[in-house]
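Participant: Input: one structure, supplied below.
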Amino acid sequence: MPSDTINRSDSALLEAARVSKAWTFEEARKLVARLEKEGNPDRTVLFETGYGPSGLPHIGTFGEVARTTMVRRAFETLMPGVKTRLLCFSDDMDGLRKVPTNVPNQEMLANYINMPLTKVPDPFGKYPSFGEHNNAMLRSFLDSYGFEYEFASATEYYKSGRFDATLLKVLAKFDEIMEIMLPSLREERQQTYSPILPISPRTGHVLLVPLVSRDVEKGTVSYAEPDTGEIVEVPVTGGNCKLQWKADWAMRWAALKVDYEMAGKDLIDSIKLASRICRVLGVNPPEGFNYELFLDQEGKKISKSKGNGLSIEDWLRYASPESLQLFMYQSPRTGKRLYFDVIPKNVDEYLAFLAAYPKQEAKERLGNPVWHIHGGNPPTDELPISFALLLNLASAAHTDDKNVLWGFIRRYAPEATPEKLPKLDLLVGYAINYYNDFVKPAKTYRAPSDLEHAALADLAGKLEVLAHEHMSAEELQNLVYDIGKAHGFENLRDWFRALYEVLLGEAQGPRFGSFIALYGVKETAKLIRRALAGEDLSEG
């Protein structure tokens, strides 16, 4: 069946969406129920993601925006014609609590601790402030992946008065908010906690101080200046105060009428507190989703400060953004290792899902991750070679020359060229990078056992006889399989593992028949003869 763009108004698609078990549609149906309960199904639905601009955008930022966008597209499919917005909100009025380790001019930054991020000079010297620099990085980051969103700055929203009405509600409901927050705090913190943080007119600092008094009618709070003890009265409006982050989160939900925001599993308790505060402010909290955190190579939670994870730049050196989106889409409630060794599997799974899509009916398509990755309109690219096979080709050919690899590819798929298949050309480049950085340094060849030696000699002989005949990858796979059976391997996996360990210095790989078809029948026979002669195959 030819690939086509799914029409979101198509009844078959809508029916499939209403019962789809994809997590994105499960989330979207929560929003449909929210609108139906309100009795206002035609209003604009607001999705939100939050970003703390004390550091540069990272892979978690990508994941949250990508996943939220997937839920947004699922909702639009369920509710065609209903408008949606995605607001990426930067908490750039937060005080600088510590100096990041990955930026220049750290001594200069140390002089601005507790200043709002939009009042801290840009250590890179490019923007009026550090907050504005990181906001620009965030927008550039999101734009580069084609996300559809609106950017919002906490500084702008606080100072422009957009939050004023809700901030006055926070002041009026101060005692109720304190009743919610205090049980969640340590006893020592309870003595000084305030959900409202004054910004000192004298120092410009965001102050973590207890309030001396509050005046609901005037809309002001009073506090003692930490250095002088002077009692200072400031309005809660107009950017003269900001809120502690949990209260701030709830205030933002209430002020903007946010309908949906997801967050990491580590913030479940914070979401519960913010939701209670939001209700105190007279607004239903948004629907949400709690995703599991990423794990490093040892199964430990990834920490930005420890740098024990994989950055988005790391991933994109070895694979496409779409493969990263697949990683984000799959099993978001499961803690997953985010390390270099998961990349090849995600690349090939993405290609397999993409190839399957045109042949699927509506129900199957909605369960296919590429529908969600591409907003219901995946591309028609179908590549003749997998990423794993390219890695094995680079390994056998001992080359990082694109032209050499394309020589093998054209023999395997004569119509393929870099110009006709630019996605495959990108994949070749990714494979070369991955091979050089991970496969090549880890290659460990071994000599064959007596049983393996005999089977390899038999395979080489058969391939030499067939060198001038055209055989498909499937026929070659069957030949390898039959030789393994004929030589009495109790478990044929041991035979295939021997092929990879002896010939390629690796423990596993794709179907060996496909490798022979790509690398060449005659070339594979020569490779086997070299191994049987005891040559060092790592020398190329």
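The values are calculated or read from the model by the stated rules, or taken from the named source; none is laboratory data. Bear in mind the structure is a predicted one, so any value in this text is a computation, not a measurement. Positions of Cβ are generated from backbone atoms using ideal geometry, with glycine treated the same way; all protein chains shown enter the neighbour counts. To get the accessible areas, we keep the full protein, side chains included, count just its heavy atoms, and leave off ligands, DNA and RNA. Shrake-Rupley method; radii C 1.70, N 1.55, O 1.52, S 1.80 Å.
Participant: Compute the FRET efficiency between Asp143 and Glu38 as 1/(1 + (r/R0)^6), taking r as their Cβ-Cβ distance and R0 = 45 Å, and round to the nearest 0.05.
Facilitator: 0.85
Participant: Of all the accessible heavy-atom surface of the range 2-95, with the other protein chains kept in place and a 1.4 Å probe, what percent is carbon and sulfur? All intermediate terms of the calculation are to be shown ahead of the outcome.
Facilitator: Working: 1830 of 3640 Å².
Solvent-exposed carbon and sulfur of the range 2-95 make up 50 percent of the total.
Participant: I've got another one for you. Extension gain Thr334-Asp450, at 0.36 nm per residue separation less the Cα-Cα distance, in nm?
Facilitator: Taking 0.36 nm per residue and subtracting the Cα distance, the gain is 37.3 nm.
Participant: May I ask for the distance between the Cα centers of the range 417-483 and the range 117-154, given as a whole number of Å?
Facilitator: Centre-to-centre distance over Cα atoms comes out at 47 Å.
Participant: List the lysines whose Cα sits under 22 Å from the Cα of Lys423, skipping any in the same chain fewer than 8 residues away.
Facilitator: Within the straight-line cut-off, Lys423 pairs with Lys345, Lys359, Lys402.
Participant: According to the Kirkwood expression over distinct Cα-Cα pairs, how big is the hydrodynamic radius of the range 446-540, in Å?
Facilitator: After inverting the mean inverse Cα-Cα distance, the result is 13.1 Å.
Participant: May I pose another question? Counting only Cα, what are the radius of gyration and maximum Cα-Cα distance Dmax of the range 322-448, in Å?
Facilitator: Taking only Cα atoms of the range 322-448, I get Rg and Dmax of 16.2, 51 Å.
Participant: Per residue and in Å³, how big is the convex hull formed by the alpha-carbon atoms of the range 488-536?
Facilitator: Details: hull volume 4.2 nm³, N = 49.
Spelled out: Cα convex hull of the range 488-536, divided by residues, is 86 Å³.
Participant: Still on this structure, please answer the following. When you take every Cα atom in the range 268-348, what is the radius of gyration, and what is Dmax, the widest Cα pair distance, in Å?
Facilitator: For the range 268-348, the Cα-based Rg and Dmax read 16.5, 49 Å.
Participant: Dividing the convex hull volume of the Cα atoms of the range 418-482 by its residue count, what figure in Å³ per residue is obtained?
Facilitator: 140
Participant: Here's something else I'd like to know. Given the alpha-carbon gyration tensor of the range 293-391, what are the semi-axes of its equivalent ellipsoid in whole angstrom, ordered largest first, with each equal to the square root of 5 times an eigenvalue?
Facilitator: On the way: eigenvalues 140, 50, 22 Å².
Taking √(5λ) for each Cα gyration eigenvalue gives 26, 16, 10 Å.
Participant: Considering only the other residues whose Cβ falls under 9 Å of the Cβ of Val521, what net charge follows from Lys and Arg at +1 and Asp and Glu at -1? Walk me through the numbers before you get to the answer.
Facilitator: Numbers: positive: Lys522; negative: Glu464, Glu469, Glu523.
Once all neighbours under 9 Å are counted, the net charge is -2.
Participant: Pop out the Kirkwood hydrodynamic radius of the range 110-160 from its pairwise C-alpha distances, inverse of mean 1/r, in Å to one decimal. Working shown, then result.
Facilitator: Working: mean 1/r = 0.0832 Å⁻¹.
Final number for the Kirkwood radius of the range 110-160 is 12.0 Å.
Participant: For the range 82-182, what is the Kirkwood hydrodynamic radius in Å, using each pair of distinct C-alpha atoms?
Facilitator: That comes to 15.8 Å for the range 82-182.
Participant: Can you tell me the order of 28-34, 251-257 when each peptide is scored by its average per-residue count of other Cβ atoms within 10 angstrom, highest first? Please list the in-between numbers first.
Facilitator: Values: 28-34: 18.7, 251-257: 21.4.
Going by the mean number of other Cβ atoms within 10 Å, highest first, we get 251-257, 28-34.
Participant: Not counting the cut sites, what is the longest span of the chain without GluC sites (Glu not before Pro) that DSSP labels loop and that have at most 16 other Cβ atoms within 10 Å? Before the final figure, lay out the partial values.
Facilitator: Values: sites that count: Glu148, Glu217, Glu230, Glu292, Glu298, Glu361, Glu382, Glu415, Glu419, Glu469, Glu490, Glu535.
Counting at most 16 other Cβ atoms within 10 Å as exposed, the longest clean stretch of the chain is 1-147.
Participant: Taking a virtual spin label 7 Å from the Cα of Arg317 along the C-beta vector, which residues in the range 421-453 bring their backbone nitrogen under 14 Å of it?
Facilitator: Within reach of a label on Arg317: 430-441.
Participant: Next question, about the same structure. Please report the Cα spread of the range 126-224 along all three principal axes, rounded to whole Å, starting with the longest.
Facilitator: 46, 31, 26
Participant: List every residue whose amide H lies under 5 Å from the amide H of Thr84, counting only residues 5 or more places away in sequence or on a different chain, with H placed 1.01 Å from N in the peptide plane.
Facilitator: Here the answer is Val45, since their amide H atoms fall under 5 Å of that of Thr84.
Participant: Tell me, what is the per residue accessible area of the range 184-251 in Å², probe radius 1.4 Å?
Facilitator: Per-residue value: 49 Å².
Participant: Longer than 26 Å from Cα to Cα, which of Lys30/Lys159; Lys169/Lys246; Lys159/Lys272; Lys257/Lys300; Lys126/Lys300 are they? Say none if no pair is. Display every interim value, and only then the final one.
Facilitator: Working: Lys30/Lys159 34 Å; Lys169/Lys246 16 Å; Lys159/Lys272 28 Å; Lys257/Lys300 36 Å; Lys126/Lys300 36 Å.
Going by Cα-Cα distance, Lys30/Lys159; Lys159/Lys272; Lys257/Lys300; Lys126/Lys300 fall outside the 26 Å limit.
Participant: Could you work out, for the chain, what percent of all Cα-Cα pairs fall into each 20 Å distance bin, beginning at 0 Å and stopping at the bin that holds the largest distance?
Facilitator: Spelled out per bin, shortest first, that is 18, 42, 27, 12, 1.
Participant: With only alpha-carbon atoms counted, please give the Rg and Dmax of the range 28-77, in Å.
Facilitator: In order Rg, Dmax, the Cα atoms of the range 28-77 give 13.8, 41 Å.
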